[in-house]
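Q: Take a look at the following structure, please.
The values are calculated or read from the model by the stated rules, or taken from the named source; none is laboratory data. Worth saying up front: this structure is predicted, and the values here are computed from it rather than measured. Virtual Cβ from ideal backbone geometry, glycine too; neighbours counted across all protein chains shown.
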Amino acid sequence: MALLIESETSTVITNTSGYKAKVTIRNNTDASLDAGTLEILTSPRFSFDSSLLMQEWADNTEGVDPRLQHLSTVLGSAKVGSIDPGKSMTIAIVVPAGKDVLSRFTTWGPKPLDFVYASPSADTVHMHSFVTRTQDGLNIEATPKLGVVAALPLTSSQWKVGDTAVKRLLTQKPSTASESKLGITTLSSEAKTEQNTLSEVLERHTGIQTISDPDYLSSFGEQPRTTAIMQPDGFDIAAASSTYGGIDWKSAGITTDSWNAATSLEQYRSATQSDTSQSGTAQSNPTPQTKQADPATIAWQSKSSWSLKALTLAKQQGYSTVVAESDYEPDTPSAVHTSKMVVHTSAGAVTVLNTQRELSTLAQDTATSHTASAENTFTGRLSRFIAQSAFYQMEAPYEDRELLISLGSNPDADRLDTLMSALESCSWLKIDSLSSLMKATPYIGTEEANERAAKVAQPSGDAAQSIEESLRALKSSRDTITRFQNNVLAETSGASQPKPSASATTLIGNGDAQPSVSLTARQWMTQILEAHDEMAMKAFSSSSVQNTIMTRGARQMAYQLYSGVSLAQPDSISIVSQSAKMPITIANDHPYAVRVRFASASDSALFSTTQDGEVVVPPNSEVQDTITVHVLQSGTANIHITLQDHEGNSFGAGADARVTSVLQINDRSGYVILALAAVLGVVGLWRQFNRVKDPDE
């Protein structure tokens, strides 16, 4: 059986509010549940003394504080009817304002709730949750509010490869560089819809601090508010601080110029069509404007953690501040502190903003543990979030603190809206800005911060293996594209097209019409490599699914580049002489000419082939050439034909043609017949001259 806290359940109790709970009882057994009861037990004056105790209560841990063993106050109850196997029943419990039980909540803060379902036909089920008594109406001393910074990494892990755009890039001649790469990676219609909804939430809740991925920012129709900018595509900088299997990141298409702070700022200006240089004017508007400062650049943690080596690399590439979502939050039961520390690296000081673990986990719609049963629903997680934030304020009420809360990179917009509305209504919290956190005093010294950074390890084990596999695959696909450029693409200049190189070659068609002004072949290949590198960048995000999609997309594009030059299946031929010409057709689906070799071989000693040759195939065209097949003896065989690049490396599937010889004179029996005919001829002539003539002649 399972109990689920549904929406409409109260997360707080005020001096004028009542309490309402909506709970679903799910019968996961094979037997019916008899009619029973649902009670909500609490202890109105209980105060949690540690975050650890709150977690133990949420996890329904045995042997916790004796005061929590038997909660005696019934907040509300209801009768529950019988429930059939596999069915559910939702029960509403309403406690009106003014009820005596509500007046017992005379101290503010998180209070324990025990949802108890009892049925004669099943074991009693307990679900532990929280409700928070607010400060309203209570005679308490005013203390500083707890500062919280709700930060949203405005990036996406829902990128996919635009198959249509890839096909257009490989088969149609673009007139500009920007046109050729348009839509290589794109967002689904569902992701765009979520994007629009998220923009509306950001407009309603101006307290959300957006750290924007400039590449993702460019996909918005109307630019959302940006507090700071992060590395392009949320690239895993920490992973890039190491090498894996001896593979250079550059060989996979990723250089520091792909993701450093200068590139991030450049992409941001392009996305927002702004120029925040000394002129202070927008690129699209020559009218002088008020000078605006560049947004701060902050490197946000991806999959890998910020080791000391990773922090050094980030600093070298222009990021003086990073956000750490793991490894920098202390595991001690002491009070939470300001989410800031400064680590000194060989490249200089780096400010590390560490997200508060419990609040960030809950804000990202995730339970704090798999045993916290009440947190299996959004409302249950929201109740815990509010209770946890109240506890953090209570545990050090006179200390000025700023906690960083990560809202996650793929939030559900509606739930984010609900969370922020609840957070804004908490009188004990102050929704602060990122700049306030940046100005706050670090809560630990540099020496301790460096010790903490030194304990963070580089990627290892399965994580390192996954990175190496991705790098190896991307290096292979990029090498494939480079080989095509160097060994298959025909050298051209301007818009002129090369002619077929062999006199025996026949051009079939003149290719598709091309733009009067277009990129050269080399420029086209540069765009293909840049498209590959765009996918490579997105293959090192925080999402394993997206990483796999991008790695496969890069490999598929490299494959399509070679498969765009193909050999048509030749027809079978019959030979009635000592040799014959076999026609072959080579097609080029690309918008630029290619130069390829073709080679042939027989699978039988009865036949041999000659005239392996080289042809230039114009853009979007086919050319026809021939292979000479020599017959040594009658019979049948397969002639295998392959395409090769300039270095003699075969590519493509190749083609086989069936060859049959029907001229028997060329085998041994034919020579015997000829010899016998010659002997008979000689004998005949001898008889003609030496025979005795008849007297009548």
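Q: Pairs needed: first member in the stretch 531-546, over 20 Å from Asn410 (Cβ atoms); second member anywhere, at pLDDT below 95 and small (Gly, Ala, Ser); C-beta distance under 8 Å; at least 6 residues apart or different chains.
A: Sorted first by the residue in the stretch 531-546, then by its partner, the pairs are Ala531/Ser180.
Q: Then there is this: Have a look at Glu424, Glu447 and point out the one that is surrounded by fewer than 16 Cβ atoms within 10 Å (Cβ to Cβ) and in contact (Cβ under 8 Å) with a residue 40 or more places away in the chain.
A: Only one candidate passes the filter, namely Glu424.
Q: Okay, next question. Would you check if there is a residue in the stretch 230-241 being closer than 30 Å to Asp462 by Cβ, at pLDDT below 95 and among the aliphatic types (A, V, I, L, M)? Quick ask: steps written out before the conclusion?
A: Let us first name the residues in the stretch 230-241 that are closer than 30 Å to Asp462 by Cβ, namely 230-241.
Filter once more, so that each one left must be at pLDDT below 95: none.
No, that holds for no residue.
Q: Looking only at the stretch 412-451, which residues are out of contact with any Leu (no Cβ under 7 Å at 6 or more places or on another chain) and part of a loop (DSSP other than H, G, I, E, B)?
A: Scanning the stretch 412-451 gives Asp412, Ser425, Cys426, Ser427, Asp432, Ser433, Ala440, Thr441, Pro442, Tyr443, Ile444, Gly445.
Q: Counting only residues that are more than 11 Å from Thr14 (Cα to Cα) and of a type in the set (A, V, I, L, M), which one in the stretch 93-103 is surrounded by the most Cβ atoms within 10 Å (Cβ to Cβ)?
A: Val95
Q: Turning to a different aspect of this structure: When the stretch 104-132 is examined, which residues are found to be surrounded by 19 or more Cβ atoms within 10 Å (Cβ to Cβ), within 42 Å of the chain's Cα centre (by Cα) and not polar (S, T, N, Q)?
A: Within the stretch 104-132, Gly109, Pro110, Lys111, Pro112, Leu113, Asp114, Phe115, Met127, His128, Phe130, Val131 meet the criteria.
Q: Determine, yes or no, whether Asp612 is at pLDDT below 85 and either touching a Lys or Arg at 6+ places or on another chain (Cβ under 9 Å) or surrounded by fewer than 18 Cβ atoms within 10 Å (Cβ to Cβ) (or both).
A: Yes; evaluated as a whole, the condition is true for this residue.
Q: Taking Ser409 as the residue in question, decide whether it is surrounded by 19 or more Cβ atoms within 10 Å (Cβ to Cβ), modelled with pLDDT under 95 and touching a strand residue (DSSP E or B) at 6+ places or on another chain (Cβ under 9 Å).
A: yes
Q: Can you confirm whether the stretch 452-470 contains a residue that is over 30 Å from the mean Cα position of the chain (by Cα), outside any strand (DSSP E or B) and surrounded by 15 or more Cβ atoms within 10 Å (Cβ to Cβ)?
A: For the stretch 452-470, residues over 30 Å from the mean Cα position of the chain (by Cα), outside any strand (DSSP E or B) and surrounded by 15 or more Cβ atoms within 10 Å (Cβ to Cβ): absent.
Q: Looking only at the stretch 61-87, filter to residues that are surrounded by 14 or more Cβ atoms within 10 Å (Cβ to Cβ) and closer than 18 Å to Ala21 by Cα; which one of those is farthest from the chain's Cα centre (by Cα)?
A: In this case the residue turns out to be Thr73.
Q: Hey, another quick one. I need the full set of residues from the stretch 223-238 which are more than 14 Å from Val322 (Cβ to Cβ), crowded, with 18+ Cβ neighbours inside 10 Å and out of contact with any Leu (no Cβ under 6 Å at 6 or more places or on another chain), in order please.
A: Thr226, Pro232, Asp233
Q: Among (1) in contact with a Ser or Thr (Cβ under 6 Å, 6 or more places away or on another chain); (2) part of a loop (DSSP other than H, G, I, E, B), which single condition is Asp400 missing?
A: (1)
Q: Related question: Filter the stretch 252-269 down to the residues that are farther than 18 Å from Tyr216 by Cβ and either of a type in the set (Asp, Glu) or assigned to a helix (DSSP H, G or I) (or both), then identify the one that is nearest to the chain's Cα centre (by Cα).
A: My answer is Ala252.
Q: Follow-up. Could you say whether any residue in the stretch 505-515 is touching a Gly at 6+ places or on another chain (Cβ under 9 Å) and either at pLDDT below 95 or in a loop (DSSP other than H, G, I, E, B) (or both)?
A: For the stretch 505-515, residues touching a Gly at 6+ places or on another chain (Cβ under 9 Å) and either at pLDDT below 95 or in a loop (DSSP other than H, G, I, E, B) (or both): present.
Q: Do the conditions hold for Asp667, that is, is it of a type in the set (Asp, Glu), surrounded by 14 or more Cβ atoms within 10 Å (Cβ to Cβ) and modelled with pLDDT under 75?
A: For Asp667, the condition - of a type in the set (Asp, Glu), surrounded by 14 or more Cβ atoms within 10 Å (Cβ to Cβ) and modelled with pLDDT under 75 - is met.
Q: Working carefully through the options Leu311, Leu382, Leu407, find the one that is farther than 30 Å from Ser242 by Cβ, touching a helix residue (DSSP H, G or I) at 6+ places or on another chain (Cβ under 9 Å) and not assigned by TED's automatic domain parsing to the domain that holds Val131.
A: Matching residue, one of Leu311, Leu382, Leu407: Leu382.
Q: Now for a different question. For the stretch 335-350, indicate whether the set of residues that are within 29 Å of Glu6 (Cβ to Cβ) and either surrounded by 24 or more Cβ atoms within 10 Å (Cβ to Cβ) or basic (Lys, Arg) (or both) is non-empty.
A: For the stretch 335-350, residues within 29 Å of Glu6 (Cβ to Cβ) and either surrounded by 24 or more Cβ atoms within 10 Å (Cβ to Cβ) or basic (Lys, Arg) (or both): absent.
Q: Please enumerate the residues belonging to the stretch 67-87 that are at negative phi and either part of a loop (DSSP other than H, G, I, E, B) or out of contact with any strand residue (DSSP E or B) (no Cβ under 8 Å at 6 or more places or on another chain) (or both).
A: Arg67, Gln69, His70, Leu71, Ser72, Gly81, Ser82, Asp84, Pro85, Lys87
Q: Related question: From the list Thr446, Thr418, exactly one residue is of a type in the set (Ser, Thr, Tyr) and in contact with a strand residue (DSSP E or B) (Cβ under 6 Å, 6 or more places away or on another chain). Which is it?
A: Working: Thr418 fails: in contact with a strand residue (DSSP E or B) (Cβ under 6 Å, 6 or more places away or on another chain).
Only one candidate qualifies: Thr446.
Q: While we're here: Please pick out the residue among Thr338, Thr371, Thr351 that is outside any loop (DSSP other than H, G, I, E, B), in contact (Cβ under 8 Å) with a residue 24 or more places away in the chain and among the hydroxyl-bearing types (Ser, Thr, Tyr).
A: Thr351
Q: Another question about this same structure. Only one of Gln393, Gln317 is surrounded by 19 or more Cβ atoms within 10 Å (Cβ to Cβ), in contact with a helix residue (DSSP H, G or I) (Cβ under 6 Å, 6 or more places away or on another chain) and either of a type in the set (S, T, N, Q) or not assigned by TED's automatic domain parsing to the domain that holds Thr206 (or both). Can you tell me which?
A: Gln317
Q: I'd like the full set of residues that are surrounded by fewer than 17 Cβ atoms within 10 Å (Cβ to Cβ) and more than 23 Å from the chain's Cα centre (by Cα), limited to the stretch 471-484.
A: Result: Thr482, single match.
Q: Here's another thing I want to ask about it. Name the residue that is farthest from Val101 (Cα to Cα), counting only residues in the stretch 48-82 that are among the polar types (S, T, N, Q) and at pLDDT 95 or above.
A: By that ranking, first place goes to Ser82.
Q: Does Leu561 meet the test of being over 13 Å from the mean Cα position of the chain (by Cα) and within 19 Å of Leu169 (Cα to Cα)?
A: Taking the combined requirement at face value, the residue satisfies it.
Q: If you check Thr90, Thr24, Thr16, which single one turns out to be assigned to a strand (DSSP E or B) and either in the same structural domain as Ser421 (by TED's automatic domain parsing) or loosely packed, with under 13 Cβ neighbours inside 10 Å (or both)?
A: Thr90
Q: Okay, moving on. Restricting to the stretch 594-646, name every residue that is within 15 Å of Val659 (Cα to Cα), in a loop (DSSP other than H, G, I, E, B) and touching a strand residue (DSSP E or B) at 6+ places or on another chain (Cβ under 7 Å).
A: Listed by number, the residues that qualify are Asp603, Ser604, Leu606, Leu632, Ser634.
Q: In the stretch 535-591, which strands (runs of 3 or more DSSP E) lie fully inside it and hold 3 or more residues that are among the small types (Gly, Ala, Ser)?
A: Details: elements: 565-567, 573-575, 579-588.
Answer list for the stretch 535-591: 579-588.
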